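Here is the structure we will look at.
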Amino acid sequence: MTDTAVQAAESKFEQALQTLEQAKPFAKSLYQTEVFQRAIDLAHTDEGLDLLKTHAARFDAAGVFSGGPWEDASKLQPGFVGGSLKLKGVNSVVELMSELRMLAIARGEYEHPGVTADEARTFLNEVMALNLNFLFPAETEEARIESGEHLERANRLFRLLSRELSLKAISRKIVEEIDRLTTQRPIMVGRIVNMIRTAEKMLEEDIDADTRSSLEHYVKATGTPTPFSERHSDLRDYGRFLREASEEELLQEAEAFARMMHSTGLVSAYHATFIRHANRKNHDLIAAALGLDDIGRAFLDTQHELVRDMIQVAVTPETCQILYGFAGMLNRGLLSQDALLPSLRRLFEIDIHPDVHKILLSEEHKRSGIGPNAVLLGGTISVLGQPLGVGQGLNPTCQSARAISLWSQHAQNQLLEYIVRAARDNDIDITFEGEVIFSSQLEGGVAEEIHQELDPVSKVLVPHLDKIYNEMMKRTLLRLEDGHKWVNPAFYGEWIQRGFINLVDPLTGAVVNFSAFVKLFYATHHPDYNNGYELIYPNPVGIYITNVSGELLGLHAVSIQRVAKDESGEWRIYFYNPNNDSGQNWGQGIEPSVKGHGEFEGEASLPFAQFVARMYAFHYNPYEQGDTYMVETEIVEEIEKMARESWGVGYTWAL
Amino acid sequence: MEDSILNQGITALLGWSLPVIEAADRMDRPFLVVGPPEFQEFADRNEIAFVAWQFERLNEQSGELAELLEQKGVKLAVPIYEETVEWAGALNARFQKDPRIFNRSLLLRDKGLMKRRAQMAGIKVGVFEEAYNRDDVHRFLKRVNEALIKLDGDINDPVHVKPLSKAGTVGHRLIREAGDIDLIPDEDFPCLIESHLDGQEFSCEVFVHNGKIRFLNITEYVHLGHSNFVPASPELETWRPQIHAAIEKLISAFEIKYGIIHPEYFISPDGTLNFGEVAARIPGGHIFDLIGKAYGFNAYQAQILCSDPDTTEEELKAFFPKEVEDAKGYAGSLMVYPRVRLIQRLNVPTELKNDPYFDRHDMFIPATSKVAERVGFGNHYGTVFFYGDNSARMKELLLQYEDYDFYI
């Protein structure tokens, strides 16, 4: 909206509010609708919301809340705010106006007989703490499925509240949230960095010591992580320092960078400056600055030239975050694969298709003069170094993200082939049951449009993979069985097991033979029942995503990475969730853990039975199967109860 | 002041309607509301004089209400909706000691009686019959089409069914073939069946005092049940003299003295007027709001004024503006029905919001996203209001957005 449009919207709101103000108490409801409509229009932009705020002291007297649940501010509960804001109907805007009223009370602009300014502030702080997702919109399944104008409006409200209030009271919660997200080591860290930047302001506040030190740590990790970077005001200054620094100082710097990067998964632009300096002057410092282990050091030495060129091309202060993946790639020993080396080198100079060129480069890249090959190479390094850090962003393309992650773990050459093919030709082909499917010849995928908040490799590959996957599924439509049975091995790769089961009958849509489903999974995946066969490759499985009340939100694709006992001896399923935010609450006490139960970087985990209670489809090896009858009835019953009382509510259960 | 209030007596509004209560409240005249008991608490809280009453069928207890109201000093009853028209008739007959007022009100409550009376007065109506069951409808559809010399296989001319005592378009169905007849629910019988009349449909909102037309609004229907605007376009308004005459005929045929009537007509290109039906209540389609927007007077207040025999000529003259001439612009409304079974979101185009004719809308995503099945013309979910100074542009906009999916 232009300024004049915002002003026009405000004057219409003002008129509506005035009409409401003048109405007798009994007639308020006749004029509230118009006020809500105009408030929706006004709250459409940040500026508009700011203007709406300036009227908030009048809301009560005008009768905005008369006759509804929001009438008496002293009776409101912070716990209900988030839920109301998520409603699609009129209530979400009433709730928003109620928060603005509370803010007016907190700011002393409006005196409420039952709520003091302190109480109002406490209320709003609690609301903020309970709803961090509005302040830092998450890329979760829930956020993706339930998107809409009302949610954007709520995000706007929380941005406003964060500017208006001290974040002190919620600082601890924010730090916990940053901990939780960084633990998963995602490739895309924009949201985390935004949270840190927002939370940084809290350092000026009186917050508790633990929170302060954690937060300072994050601020340093993304800012000036080392003793000398702290003393230099900008990168150029720091670059000059590096030229003069002593061996000892440089080694200290290198180790400090490595420590900060590995403790947080976050990288500072100074780190990139340091690495570039080391790359030119003192190659021995690279291993220390990347915190490499013995394997990493070995390949750094043997592939000295390639590494040097990769750093030269791909590592810049703007792309500093790839250093984490760089270290991961070296430590994984991937450079031992002879075939991978020319593939990586090829990325330096392939001609990138103009359409791909466009989607690869951000405005920031263009301003800094970074080319598309550098971005693509950097993205490839990240994916190779952080296979479980691949995320789907806000797209419904969990299958494609899962594919990239699987290839990065077990088929790096294949992945590099696809990347080159897509970047150069803007096309990918995959053979399905003897027929070659070309993505460039297909219209439409699962996603209507691809949301571009993605890592470079996903940006390049996902549009093609999504279309091909969708086409493969279409070709299996009439087979009376879940098409994933055939599509998954063709799409992901030949190591996907041929045995497949889905608990929903595609013909009737009913849940059939649930107990057989559970027993089969135990007999093929649970080490106590499957005769000790280990899971070799990740298993792409389908799960139901449920919200905190256990209500079904939608279907989702994850990979089981491994099955193992945790520190307390409990069997857990460790899995990769392409939404990069695995620690969501799925209801019924099912809360995937991302650390503290033996998870590797990027993994989430759940106790075995809890995971099974959300699963609807999996692959298995029919030749590596234990005895299904050995699975205890109590286990099946417990899982069935959890399933029936959550996602299963919406399904017919066949006998 | 005391005296005049006593003289004036108290006006009883029959039915619960906030816009009417607000209008009465602003008139500085004493009133009370007779309405369903569930509003008692709200009325008490807001100091609205209130008599709780269940308006069902008139029965032996009706006298009880009259006594109760008389005790409270009520001299006049004003009906707010269809179901209270006969109650107002009964009460006013008693207050004004004229039993025929009640009988006249019954004419307006029974669509069969209404048509007969109109026909007997020489008003042009379509062919109609009362139907007590589906067989009656089958026979009527067959006979009408035989009369039109339709052969087997020709497409039938449709007929309309309307429950005898329901308001406006409630239960109104278009019947084209036998299959449509099976869909009529049992509770819609007895009903009126009538032949289809071609021509442009419009309604009039006529404010009558002492048997004379005090203000005649013509509402142009762009599409019945979907869109209308006030005042009518110049093309339709050219027929105003004929319409005026037809309404005078209607008033005398139905012996209407006070209040509002809301007749519907069809007009053929040569100016022939066919009478559809008439009601003595506030019309649907937000027409009173449109009159208010276009003319600047409160139509609810106008109804109360015209219902009161004691209102003076001066008061009436001062109240009403000059028809058409005094309209400040055209006010239109578009009633929106979702065309999806589940409402996901609301889609109000920016283009519409930026149109100079766009006034406001009252659509929200309803709390239950599942859309109720539509019966007859059904209830609309929301309304878009337009306002502007050119009737052609108004019509164009109403037509343009009639097919727009606001709910998706």
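Overview of values
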item: A:Phe59 vs. criteria more than 12 Å from every other protein chain (Cβ to nearest Cβ) and of a type in the set (A, V, I, L, M, F, W, C); result: yes
item: Close pairs from region A:599-614: first at positive phi, partner open to solvent by 10 Å² or more (accessible area, probe 1.4 Å) and assigned to a loop (DSSP other than H, G, I, E, B), Cβ under 6 Å, at least 6 apart; result: A:Gly602/A:Arg185
item: Matching residues, region A:56-66, being surrounded by fewer than 21 Cβ atoms within 10 Å (Cβ to Cβ) and either aliphatic (A, V, I, L, M) or touching a helix residue (DSSP H, G or I) at 6+ places or on another chain (Cβ under 6 Å) (or both); result: A:Ala57, A:Ala61, A:Ser66
item: Scope region B:186-210; condition assigned to a loop (DSSP other than H, G, I, E, B) and open to solvent by 30 Å² or more (accessible area, probe 1.4 Å); matching residues; result: B:Phe189, B:Pro190, B:His196, B:Asp198, B:Gly199, B:Asn210
item: Odd one out for A:Asp425, checked against (1) more than 16 Å from A:Leu377 (Cβ to Cβ); (2) open to solvent by less than 50 Å² (accessible area, probe 1.4 Å); result: (2)
item: Residues of region A:403-422 classified as in contact with a strand residue (DSSP E or B) (Cβ under 9 Å, 6 or more places away or on another chain), within 20 Å of A:Arg562 (Cβ to Cβ) and open to solvent by 10 Å² or more (accessible area, probe 1.4 Å), total; result: 1
item: Index of the failed condition, A:Glu481 passing every other in (1) open to solvent by 50 Å² or more (accessible area, probe 1.4 Å); (2) under 28 Å from A:Gly378 (Cα atoms); (3) among the acidic types (Asp, Glu); result: (2)
item: Selection within region A:441-457 - open to solvent by 70 Å² or more (accessible area, probe 1.4 Å) and either more than 25 Å from A:Ala374 (Cβ to Cβ) or assigned to a strand (DSSP E or B) (or both); result: A:Gln441, A:Glu443, A:Glu448, A:Glu449
item: Region B:65-124, residues that are touching a Pro at 6+ places or on another chain (Cβ under 9 Å), within 19 Å of B:Leu305 (Cα to Cα) and of a type in the set (Gly, Ala, Ser); result: B:Gly73, B:Ala88, B:Gly89, B:Ala93, B:Ser105
item: From A:Thr224, A:Thr273, residue being outside any helix (DSSP H, G or I), surrounded by 16 or more Cβ atoms within 10 Å (Cβ to Cβ) and hydroxyl-bearing (Ser, Thr, Tyr); result: A:Thr224
item: Cβ pairs under 7 Å, 6+ apart, first in region A:362-384 and over 18 Å from A:Met188 (Cα atoms), second aromatic (Phe, Trp, Tyr) and part of a helix (DSSP H, G or I); result: A:Asn373/A:Phe348
item: Counted residues, region B:12-55 - those being away from every other protein chain (no Cβ under 12 Å), of a type in the set (Gly, Ala, Ser) and either touching a helix residue (DSSP H, G or I) at 6+ places or on another chain (Cβ under 7 Å) or touching a residue at least 60 places away in the same chain (Cβ under 8 Å) (or both); result: 3
item: Residue list for region A:1-31, restricted to those being in contact (Cβ under 8 Å) with a residue 24 or more places away in the chain and open to solvent by less than 20 Å² (accessible area, probe 1.4 Å); result: A:Val6, A:Ala9, A:Phe13, A:Leu17, A:Leu20, A:Ala23, A:Lys28
item: Output for region A:26-44, where each listed residue is in contact with a helix residue (DSSP H, G or I) (Cβ under 6 Å, 6 or more places away or on another chain) and more than 9 Å from chain B (Cβ to nearest Cβ); result: A:Tyr31, A:Val35, A:Ala39, A:Leu42, A:Ala43
item: Pairs with Cβ under 9 Å, 6+ apart, first in region A:334-350 and without any contact (Cβ under 8 Å) to a residue 60 or more places away in the chain and open to solvent by 20 Å² or more (accessible area, probe 1.4 Å), second of a type outside the set (A, V, I, L, M) and in a helix (DSSP H, G or I); result: A:Ser336/A:Phe299; A:Ser336/A:Thr302; A:Arg345/A:Asp309; A:Phe348/A:Asp309; A:Phe348/A:Asn373; A:Glu349/A:Asn373
item: 2 or more residues open to solvent by less than 60 Å² (accessible area, probe 1.4 Å) and either away from chain A (no Cβ under 14 Å) or at pLDDT 95 or above (or both): qualifying strands (runs of 3 or more DSSP E) within region B:257-368; result: B:259-267, B:273-279, B:330-336
item: Selected residue (only one of A:Val356, A:Val307 is closer than 30 Å to A:His217 by Cα, touching a helix residue (DSSP H, G or I) at 6+ places or on another chain (Cβ under 9 Å) and either among the aromatic types (Phe, Trp, Tyr) or not assigned by TED's automatic domain parsing to the domain that holds A:Glu453 (or both)); result: A:Val307
item: Index of the failed condition, A:Asp50 passing every other in (1) within 10 Å of chain B (Cβ to nearest Cβ); (2) out of contact with any helix residue (DSSP H, G or I) (no Cβ under 6 Å at 6 or more places or on another chain); (3) surrounded by fewer than 21 Cβ atoms within 10 Å (Cβ to Cβ); result: (1)
item: Filter result for the condition that a residue is crowded, with 16+ Cβ neighbours inside 10 Å and closer than 18 Å to A:Val219 by Cα, over A:Leu266, A:Leu285, A:Leu300; result: A:Leu266
item: Selection count where residues are aliphatic (A, V, I, L, M) and at the interface with chain B (Cβ under 10 Å from one of its Cβ atoms), scope region A:9-25; result: 3
item: Output for region B:226-248, where each listed residue is under 28 Å from B:Asp110 (Cβ atoms) and open to solvent by 20 Å² or more (accessible area, probe 1.4 Å); result: B:His226, B:Gln242, B:His244, B:Ala245, B:Ala246, B:Glu248
item: The listed residue being closer than 30 Å to A:Glu640 by Cβ and surrounded by fewer than 21 Cβ atoms within 10 Å (Cβ to Cβ), out of A:Trp486, A:Trp495; result: A:Trp486
item: Lone qualifier among A:Gly89, A:Gly79 - being within 14 Å of another protein chain (Cβ to nearest Cβ) and not hydroxyl-bearing (Ser, Thr, Tyr); result: A:Gly89
item: Selection count where residues are over 24 Å from the mean Cα position of the chain (by Cα), hydrophobic (A, V, I, L, M, F, W, C) and over 14 Å from B:Glu351 (Cα atoms), scope region B:381-408; result: 2
item: Residue match in region A:366-385 (condition: surrounded by fewer than 16 Cβ atoms within 10 Å (Cβ to Cβ) and of a type in the set (D, E, K, R)); result: yes
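To keep it simple, each residue is scored yes or no on (1) charged (D, E, K, R); (2) outside any loop (DSSP other than H, G, I, E, B); (3) out of contact with any Lys or Arg (no Cβ under 7 Å at 6 or more places or on another chain); (4) open to solvent by less than 20 Å² (accessible area, probe 1.4 Å).
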position	(1), (2), (3), (4)
B:Glu146	yes, yes, yes, no
B:Asp152	yes, no, yes, no
B:Val161	no, yes, no, yes
B:Gly171	no, no, no, yes
B:Leu174	no, yes, yes, no
B:Gly179	no, yes, yes, no
B:Ile184	no, no, no, yes
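The values are calculated or read from the model by the stated rules, or taken from the named source; none is laboratory data. Predicted model, so just to flag it, every value in this text is computed and none were measured. Glycine gets a Cβ as well: all are built from the backbone with ideal geometry, and neighbour counts include every protein chain shown. SASA here: full protein model, heavy atoms, side chains in, ligands and nucleic acids out. Shrake-Rupley method; radii C 1.70, N 1.55, O 1.52, S 1.80 Å.
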